[in-house]
Amino acid sequence: MLQALFDNNEHWASGKLADDPDYFSRLSALQHPEFLWIGCSDSRVPANVITGLEPGEVFVHRNVANLVHRGDLNLLSVLEFAVESLCVKHIIVCGHYGCGGVRAAMDGCRHGVIDHWLQPIRDVSEANADALDLVPDLEARHRRLCELSVQSQVENLARTPIIQSAWRRGAPLRIHGWIYALDDGRLRDLNCSRHG
Ligand code: CO
């Protein structure tokens, strides 16, 4: 079963070399991506595949439900490197409809450690309770919460010292909130972009 992955890899690598003999030597020399992607770990939302970006074109951080916890050393390390060393131009926080993390935050059940991780989604849900209560259909409410959470993560990112200092020194850096639909494969811009 695992051998198939090595076979796929051999097929991919030799195909790349056939198209461009310098492909790997060029790529191994440096990376200069213009995008940082912060997305969900969900296997159905692979950043490079759905955006058509090649290796070297997008720096990627993924976690359950694409959250920006301000004390998350993993995310902050990725963010600092992307902003200060790679000088990315765009940071994309991409959520997706049908997100299991958002569902788990909504269902009122105890799941374990993940409940602590998902707390920011419950906070967003509580902060928007009046508007969410007006959405009669549970699935539509889930979709709305997926969108609201992405917007909230964009705000969280914008308030980090890393982003604030990048904007203070005039870095041409924009943060965007997008959402992906599993059922049609389309990305949508939530129009909550921020810049310095
Ligand atoms: Co998800």
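The values are calculated or read from the model by the stated rules, or taken from the named source; none is laboratory data. What you see is a predicted model; the values in this text were computed from it and never measured. Cβ coordinates were reconstructed from backbone atoms using ideal geometry, including for glycine residues, and neighbour counts include every protein chain displayed. The accessibility values were calculated without ligands, DNA or RNA, using every heavy atom of the protein model including side chains. Shrake-Rupley method; radii C 1.70, N 1.55, O 1.52, S 1.80 Å.
Of note:
- Of all residues in segment 45-63, those satisfying the criterion of being of a type in the set (Val, Ile, Thr) and not in a loop (DSSP other than H, G, I, E, B) are Val49, Ile50, Thr51, Val58, Val60.
- In segment 161-175 there is no residue matching the filter, namely being of a type in the set (D, E, K, R) and at pLDDT below 95.
- In segment 20-40, the residues that are at pLDDT 95 or above reach residues that are basic (Lys, Arg) and part of a strand (DSSP E or B) with C-beta atoms within less than 8 angstrom, at least six apart or across chains, in these pairs: Trp37/Arg62; Ile38/Arg62; Gly39/Arg62; Cys40/Arg62.
- Segment 28-44 - residue that is touching a His at 6+ places or on another chain (Cβ under 8 Å) and assigned to a loop (DSSP other than H, G, I, E, B) and, of those, least open to solvent (accessible area, probe 1.4 Å): Asp42
- Options Arg122, Arg103; residue that is among the charged types (D, E, K, R) and within 19 Å of Leu182 (Cα to Cα): Arg103
- Each residue in segment 88-124 was checked for being touching an Asp or Glu at 6+ places or on another chain (Cβ under 9 Å), more than 14 Å from the ligand (Cβ to nearest atom) and closer than 20 Å to Arg194 by Cα, and 3 of them qualify.
- Identity of the residue in segment 169-196, over 18 Å from Leu145 (Cβ atoms) and in contact with a Ser or Thr (Cβ under 8 Å, 6 or more places away or on another chain), that ends up surrounded by the most Cβ atoms within 10 Å (Cβ to Cβ): Ile175
- Within segment 110-168, if we keep just the residues that are of a type in the set (Gly, Ala, Ser) and within 16 Å of the chain's Cα centre (by Cα), the residue that is surrounded by the most Cβ atoms within 10 Å (Cβ to Cβ) turns out to be Ser149.
- Qualifying positions in segment 71-104 - among the β-branched types (Val, Ile, Thr), within 17 Å of Asp123 (Cβ to Cβ) and either open to solvent by 70 Å² or more (accessible area, probe 1.4 Å) or not in a helix (DSSP H, G or I) (or both): Val93
- In the set (1) within 30 Å of Lys16 (Cβ to Cβ); (2) within 16 Å of the ligand (Cβ to nearest atom); (3) aliphatic (A, V, I, L, M); (4) more than 14 Å from the chain's Cα centre (by Cα), the condition left unmet by Val49 is number (4).
- The conditions of being under 30 Å from Cys87 (Cα atoms) and at pLDDT below 95 are not met by Gly185.
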